[in-house]
1. For segment 166-186, give me each residue that is under 22 Å from Gly111 (Cβ atoms), of a type outside the set (A, V, I, L, M) and open to solvent by 10 Å² or more (accessible area, probe 1.4 Å).
2. Scan segment 84-138 residue by residue and report those that are in contact with a Leu (Cβ under 7 Å, 6 or more places away or on another chain) and either among the small types (Gly, Ala, Ser) or not in a helix (DSSP H, G or I) (or both).
3. Count, please, the residues in segment 71-107 that happen to be more than 16 Å from the chain's Cα centre (by Cα) and open to solvent by 20 Å² or more (accessible area, probe 1.4 Å).
4. Going by the conditions given, is Ala147 surrounded by 13 or more Cβ atoms within 10 Å (Cβ to Cβ), modelled with pLDDT of 90 or more and either aliphatic (A, V, I, L, M) or in a helix (DSSP H, G or I) (or both)?
5. Pairs only if they're at least six apart or on different chains, beta carbon under 8 angstrom, first in segment 144-158 and on the phi < 0 side of the Ramachandran plot, second outside any loop (DSSP other than H, G, I, E, B) and among the aromatic types (Phe, Trp, Tyr); list them, first residue then second.
6. Hey, any hits in segment 111-130 for a residue that's in contact with a strand residue (DSSP E or B) (Cβ under 9 Å, 6 or more places away or on another chain) and either in contact (Cβ under 8 Å) with a residue 12 or more places away in the chain or open to solvent by 60 Å² or more (accessible area, probe 1.4 Å) (or both)?
Amino acid sequence: MHPRSIAALLLLLLAHAASAEIYKVIGPGGRVSYTDQPPSVTTPNVQLFKHGRGRPAAGDEGADAARRANAPLLPTVRNVLNNNALALEGLHLCMQVLPASMRRYGDTLDGWKSRNREVTERAEQVLAASVTHDARAQIRNGAINDARQLLQQVRTATPARQSAWCEATAGEIGGGGMDLAKQPGVGRLLQSN
């Protein structure tokens with residue numbers, strides 16, 4: 001896989017994250033939750049938010065105000081989680097297919113985690129304040145599954161192509177090319193309260 005393929009994979013993840021819609025669900029007892037997963041058609045009291053638009057439900061104004069304030073950040077949060085999953089899963093894959101280079105890939109992974117810790121922690125904070133526990137799990141698992149699906153092409157490639165892809169990817173990640181601070185909207189995410 002060529003370095004251009006890495007960019008193509010990232011663009012797919014960015015497009016998926018940018019298209020995310022936010023749903024406000026008013027559950028039993030008036031409990032309000034937000035999710036980027038479309039609720040089932042039988043779920044009553046659902047509002048679709050486009051970049052934070054909508055009205056809060058009565059009774060939960062404080063928590064609802066925090067959720068509404070964070071709603072425009074959720075596409076960026078999802079983008080951060082998707083790119084985090086892609087970097088982590090990609091380097092783990094490289095450690096599996098090229099065990100002789102495990103230490104080097106492990107060092108690349110540690111460096112990447114260190115450089116991106118602030119962004120990933122802030123994304124997790126916004127996510128926790130914005131959606132239910134179940135929705136958070138769905139978003140996280142979706143990011144991991146999307147990354148694994150994209151990396152399936154590498155898993156099924158010839159050993160020579162796997163090696164070339166891993167070298168290019170490790171260079172890109174190690175050199176900061178996939179750092180999350182460079183992603184659209186991350187500056188606003190870090191400045192949010």
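The values are calculated or read from the model by the stated rules, or taken from the named source; none is laboratory data. Since the model is a prediction, treat every value here as computed from it, not as a measurement. Glycine gets a Cβ as well: all are built from the backbone with ideal geometry, and neighbour counts include every protein chain shown. Side chains included, ligands, DNA and RNA excluded: accessible areas come from the protein's heavy atoms. Shrake-Rupley method; radii C 1.70, N 1.55, O 1.52, S 1.80 Å.
1. Step one: filter segment 166-186 for residues under 22 Å from Gly111 (Cβ atoms), giving 166-183, 186.
Imposing the further condition that a residue be of a type outside the set (A, V, I, L, M) reduces the set to 166-167, 169, 171-172, 174-177, 179, 182-183.
Passing the criteria: Glu167, Gly171, Glu172, Gly174, Gly175, Gly177, Asp179, Lys182, Gln183.
2. Gly90, Ala123, Ser130
3. Applying the first criterion (more than 16 Å from the chain's Cα centre (by Cα)) to segment 71-107 yields 91-107.
Remaining after also requiring open to solvent by 20 Å² or more (accessible area, probe 1.4 Å): 92, 95-104, 107.
Residues flagged as more than 16 Å from the chain's Cα centre (by Cα) and open to solvent by 20 Å² or more (accessible area, probe 1.4 Å) within segment 71-107 amount to 12.
4. Values: surrounded by 13 or more Cβ atoms within 10 Å (Cβ to Cβ): yes; modelled with pLDDT of 90 or more: yes; either aliphatic (A, V, I, L, M) or in a helix (DSSP H, G or I) (or both): yes.
Taking the combined requirement at face value, the residue satisfies it.
5. If the second residue must be outside any loop (DSSP other than H, G, I, E, B) and among the aromatic types (Phe, Trp, Tyr), the pairs left are Val154/Trp165; Ala157/Trp165.
6. Applying the first criterion (in contact with a strand residue (DSSP E or B) (Cβ under 9 Å, 6 or more places away or on another chain)) to segment 111-130 yields 130.
Filter once more, keeping what is either in contact (Cβ under 8 Å) with a residue 12 or more places away in the chain or open to solvent by 60 Å² or more (accessible area, probe 1.4 Å) (or both): 130.
Yes, segment 111-130 has at least one match.
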